[in-house]
Structure formats: C-alpha cells, structure tokens
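A quick write-up on the structure given underneath.
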C-alpha cells in the first residue's frame, strides 16, 4: 500500500510549539467554555482542561487499552494514564512524540507516523480509538480501515472535532474538516454504529474569537513591524520578499480575517461522536 505523506499545508505542529512557548498552552485543541464564562486568552488554558474532562466523560466503562491518534504533546494522554488506561500515542512529528513522552513520564507507547501508514500495531488489540481534533487530518476511508484493523470487536471510536455542514463556497474561509454526513455514512459502511452525537459548537466556538483577536492584534502587527524593519534595513531584500511572497501574505491576511466564531458557526459544527464496532 502506498505511503501517505504529511501535507506541507499542515502547520499544527509549528503552531503547537508557538502556543506552548509563547502562550503557555499545553493543548492546541479548542477550549470548552461554560455558559456565561469569560471569553479571554487568560481563560483558555482552563477551558482546554474542561474540554479534556468533557471528552473523558464519553469514554465507556469497559475500556482498558486506548489508541490516541494525533496525540499532540500528550495532554490528553497524560490524563488517560492518570486514570489507569494503557495508552498508545500516534503523531507524525518526532517533536510531538518527544513532548508526549515527557508529559506522560514515558508511560505510553508511541508511534511516529501518519495513522494511515501504521502497520505494526497489534491487530484487534485496542478497546477504544481516540481522535481528539485529529480526525480532520486522517483520510476518511483509510482511517476507518485502520480503525477496523486495530479495534477489537465491540470496541469504540471516540471522535471530537469540527466538521463541515455543507460545501464552503465563500472565499477566504478555511475549508478544513470533513463533511459530516459522508463521514457518518462511511462509518456505517465499515460496520460502526453511532451511539452518541453531541453538538458542542456553542461551547467551543468562542475559541475562534480568542485566536482571531490574537492574530489581528498581535501576530499581524508584529509581522508588519518586521517587514518595515527589513524594508528600512535591507530595501532590496525586502522588495524581493514582497515580490515572492506578497500574494501569499495577502491571502493569509484575508483567510485569518474570517475566523470568528460567527463565521465558524455558519459553515461548521463541532461534535463529539462515539461509535461502536459491530460484532459480526
């Protein structure tokens, strides 16, 4: 089977490093904001911890061995280990795997690759496969094939991620995420029953306003100041950069100017989905 490659347009590993170093965040995923809670950057770490606890509440009771697909820096894995689960973590970036081992005190098994490429895990071994904001990066058909290979009969797949509710035709809107209904249909075709479908869009969407404000008030101004410095110090180099990357920079500004919670709600929904593998 052909090997899948990590797309150059996936920047989450870089973003996570920046979030960790600059903002002190342990997770890259959205925060879960309780109704009436303050929507501020300083409250995001707590909201992310609430998200973890929310997700943990959907783990069935008859679970011992968990495969954490797209483990980030191991924030969720750390909590799972603390609750006594045997955890195997997968991520394509060695940096993320190293951070996961550090954050879990080496108490997890790891695999450094894309989920679609994994071949050497024990078949039918896991009780639950977890995809916390990693589902969007895994090809739908291949992902369910891998789930079927590594999950025991009657085992579970727990997904927490955002999905597109329809085609996105408006320009400068992020098109990331799978289409919800085709995703659910593919799960059914591969022998999975949807046990739980919880829409948490209203609770997590405010995260977009925090990131949007951060980008508009901090990231872009710093970038503009850097460009101005380069122009004054190295005018010829600055002109070359503008010629080579000016359009891309403009496109990025357009894209990240349309990332509010209001825009998110128009085109996407955030769901916790719990599937169970049928016993044949």
Review point. Which three extents, in whole angstrom, do the alpha-carbon atoms of segment 64-135 cover along their principal axes, largest first?
Key: 27, 26, 21
Check your understanding: Can you give the FRET efficiency for residue 197 and residue 113, using 1/(1 + (r/R0)^6), R0 = 30 Å, r = Cβ-Cβ distance, to the nearest 0.05?
Key -> 0.50
Exercise for review: Using 0.36 nm per residue of separation minus the Cα-Cα distance, give me the extension gain between residue 41 and residue 262 in nm, one decimal.
Suggested key: 77.8 nm
Point to revise | Neighbour-count ranking [beta-carbon atoms within 10 angstrom, fewest first] of 43, 29 | key: 43, 29
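Values in this text are rule-based calculations from the coordinates and carry no lab data. Only a predicted model underlies this, so the values are computations on that prediction, with no experimental measurement involved. Glycine also receives a Cβ, built like all others from the backbone with ideal geometry; neighbour counts cover every protein chain displayed.
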